[in-house]
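The values are calculated or read from the model by the stated rules, or taken from the named source; none is laboratory data. Source: prediction; values computed, not measured. Note: ideal-geometry Cβ built from the backbone for every residue, glycine included; neighbour counts use all protein chains shown. Protein only, heavy atoms only, side chains kept; ligands, DNA and RNA dropped before computing areas. Shrake-Rupley method; radii C 1.70, N 1.55, O 1.52, S 1.80 Å.
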Amino acid sequence: PKFWLRISPGLLGLKPKELKAKIAALRKRHPELLPELEREIEVAASFRKALLGGPYPDLGKGDVDLYRAFAWRNWQLLRTEGRLGAVFPRTVLNAAGSARWREVLLNDGALSVVTLTNSAYWVFEGVDGRYSVALVNATRAAQASRTAELAGPFYALDEFEAGRATPGSIPVDLLVSASTGAAFPQLPSSESADVFAAIRSAPRLDDTGAGWSFKPVREFDATNDRPTFDAGNQTPKRWPVVGGAGFNIWEPETGEVYAWADPRTATAALQAKRLNQVKLKSSAFYGMDSAWAADPATLPCRAPRIAFRDICRATDSRTCIAALVPAETLLTNKAPYLFRVEGSEADEAFLLGVLSSIPLDWYARRYVEISMNFHILNGLPVPQPEETDPRRVRVVEIAGRLAAVDDRYAEWAAAVGVPVASVSSAAERDDLVAELDALVAGLYGLSRDQVEHVFATFHRGWDYQPRLDAVLEHFDRIGG
């Protein structure tokens, strides 16, 4: 047996603390293997150093993955009109560390991509069935193509053979503007390309033209900061610390609590961090008023805020999972939150409504592999209608009512202009959610046929017809 200390905790199904304990136990149980482990660590370090010294731009961003060096070297060896055909992990199409490689291919050649999801191991044996691979066909052209062809994901051989010949075509300019680093979406069909283009016409989340601004923030690191926030078991005076499992769509608390914090210790640590972060250009707090930063009462954790799950997959039942968590709730890095740099509670309700809708989630699933990375999140398209647009007004009302579940949201709900705990039954809730989907689809400018396509291609095997019927009833009533 060999030890791989850098293996992802997610692959083992263990939390970081459990993984460390497992490694310590293995070290103790098999001391005779420690020299072999040390040799492997030394070889890996030398190999990493050699790769970083090669002609591979941005290889040092994130993990030094061999496939990224392989991708660069194959492209560098092509002459004009030379062609590259290779199989890569799909992360080569969306990871931040491969952004420069994608931009070079789009600027200097022609590109077509087919993605395959390894369900039932139809592509590769021994590779997790939830993961995808990319079949990349690139040409170093004398004149760059202005479109890229995309097809997939395909989940079986018959789907691949039926769909590979009819890829969707996306303008390169749209692809580049859609996300930081020209990440590639997964498009099931040519019709999906039209839906994608319609939704993508909305401004990016990080576009400040709407008069409001929200920036993602990681509050506490689940492992490194645990001594700061972990005060032991629950008591009436302690605040919950939650990760992504601690909330769900229109469910601000699932009961899954990662730890319990002494509020004095935790807020003191957050305040100290913030006073440093307002000086850092990379921080969401950069440039904020110094008096605001010095006032502990203005810490974001003292008010409701939008949190979202960091770990998610396009193959899960939902991908973009956000909720308005209550005040006095602390968050780990697995549950980043959206800091409201400028804007109102009504803007926050509108954004929450869009993020929680099926049309937005359909778009997010085109990009997400295993995580809602910040560069994907910031590129999500969010409509920017006038404040007086009746559809926006109604989205704010619905999202506000669904989010304000009890008196802890009273102040926030009053600012939005909705009552607290006003959704009295599951049937009323489902109808409001369906209306929200219809409103957001209308704000994206989708046609009735495109709404049907979104639901039909959203999640394999789900019984979408009842929800689609409810959405279309509202869609037809409001005229799209």
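Can you tell me how many residues within region 405-444 are outside any helix (DSSP H, G or I) and open to solvent by 70 Å² or more (accessible area, probe 1.4 Å)?
2
Please enumerate the residues belonging to region 34-87 that are under 19 Å from LEU135 (Cβ atoms), in contact (Cβ under 8 Å) with a residue 60 or more places away in the chain and not in a helix (DSSP H, G or I).
If the condition is that a residue be under 19 Å from LEU135 (Cβ atoms), in contact (Cβ under 8 Å) with a residue 60 or more places away in the chain and not in a helix (DSSP H, G or I), then LEU78 is the only one that fits.
One residue is enough: does region 174-196 have a residue meeting the conditions assigned to a strand (DSSP E or B), out of contact with any Phe, Trp or Tyr (no Cβ under 6 Å at 6 or more places or on another chain) and of a type outside the set (Ser, Thr, Tyr)?
So far as region 174-196 goes, no, none of its residues is assigned to a strand (DSSP E or B), out of contact with any Phe, Trp or Tyr (no Cβ under 6 Å at 6 or more places or on another chain) and of a type outside the set (Ser, Thr, Tyr).
Which one is modelled with the highest pLDDT, of the residues in region 350-378 that are among the small types (Gly, Ala, Ser) and under 10 Å from the mean Cα position of the chain (by Cα)?
Among those residues, the one meeting the criterion is ALA364.
What is the one condition in (1) under 20 Å from the mean Cα position of the chain (by Cα); (2) at positive phi that ALA197 does not satisfy?
(2)
What number goes with the only condition from (1) over 21 Å from CYS312 (Cβ atoms); (2) touching a residue at least 60 places away in the same chain (Cβ under 8 Å) that TYR131 does not pass?
Unmet for TYR131, out of (1) over 21 Å from CYS312 (Cβ atoms); (2) touching a residue at least 60 places away in the same chain (Cβ under 8 Å): (1).
Filter region 258-287 for residues that are part of a loop (DSSP other than H, G, I, E, B) and surrounded by fewer than 17 Cβ atoms within 10 Å (Cβ to Cβ) and give the result.
Answer for region 258-287, where residues must be part of a loop (DSSP other than H, G, I, E, B) and surrounded by fewer than 17 Cβ atoms within 10 Å (Cβ to Cβ): LYS279, LEU280, LYS281, SER282, TYR286, GLY287.
From the list ALA197, ALA266, ALA259, pick out the single residue that is in contact with an Asp or Glu (Cβ under 6 Å, 6 or more places away or on another chain) and among the hydrophobic types (A, V, I, L, M, F, W, C).
None of the other options fit; the residue is ALA259.
(1) surrounded by fewer than 15 Cβ atoms within 10 Å (Cβ to Cβ); (2) free of Cβ contacts under 8 Å to residues at least 40 places away in the same chain; (3) not in a loop (DSSP other than H, G, I, E, B): which one isn't true of GLY209, the others all being true?
(2)
Counting just the residues of region 85-132 that are farther than 17 Å from ARG365 by Cα and of a type in the set (D, E, K, R), which one comes out least open to solvent (accessible area, probe 1.4 Å)?
Out of the qualifying residues, it is ARG102.
If the requirement is being closer than 24 Å to GLY209 by Cβ, small (Gly, Ala, Ser) and either out of contact with any Ser or Thr (no Cβ under 6 Å at 6 or more places or on another chain) or at pLDDT 95 or above (or both), which of these qualifies: ALA426, ALA415? Reasoning before the result, please.
Details: ALA426 fails: closer than 24 Å to GLY209 by Cβ.
Matching residue, one of ALA426, ALA415: ALA415.
Residues ALA323, ALA364: which one is of a type in the set (A, V, I, L, M), open to solvent by less than 10 Å² (accessible area, probe 1.4 Å), touching a helix residue (DSSP H, G or I) at 6+ places or on another chain (Cβ under 8 Å) and under 24 Å from SER189 (Cβ atoms)? Break it down stepwise before answering.
On the way: ALA323 fails: under 24 Å from SER189 (Cβ atoms).
From the options ALA323, ALA364, the qualifying one is ALA364.
Checking the condition among the small types (Gly, Ala, Ser) and assigned to a loop (DSSP other than H, G, I, E, B), which residue from ALA144, ALA148 passes?
Exactly one residue qualifies, and that residue is ALA144.
Determine the pairs where a residue that is under 21 Å from LEU175 (Cα atoms), located within region 136-163, has a partner that is open to solvent by 60 Å² or more (accessible area, probe 1.4 Å) and among the polar types (S, T, N, Q) with Cβ atoms under 7 Å apart, the partner being 6 or more residues away or on another chain.
If the second residue must be open to solvent by 60 Å² or more (accessible area, probe 1.4 Å) and among the polar types (S, T, N, Q), the pairs left are ARG140/THR80; ALA142/THR80; ALA144/ASN107; THR147/SER169; GLU149/SER169.
Of the residues THR139, THR115, which is polar (S, T, N, Q), farther than 22 Å from TYR56 by Cα, in contact with a strand residue (DSSP E or B) (Cβ under 7 Å, 6 or more places away or on another chain) and at pLDDT 90 or above?
Values: THR139 fails: farther than 22 Å from TYR56 by Cα.
The match here is THR115.
Say we look at region 445-455 and pick out the residues that are part of a helix (DSSP H, G or I) and among the hydrophobic types (A, V, I, L, M, F, W, C); which of these is farthest from PRO203 (Cα to Cα)?
PHE455
Filter region 457-471 down to residues that are assigned to a helix (DSSP H, G or I) and either at positive phi or open to solvent by 50 Å² or more (accessible area, probe 1.4 Å) (or both), then give me how many there are.
Looking only at that region, the number is 4.
Pull up region 299-320, narrow it to residues that are of a type in the set (Ser, Thr, Tyr) and open to solvent by 40 Å² or more (accessible area, probe 1.4 Å), then point me to the one that is farthest from VAL257 (Cα to Cα).
The extreme case among them is THR315.
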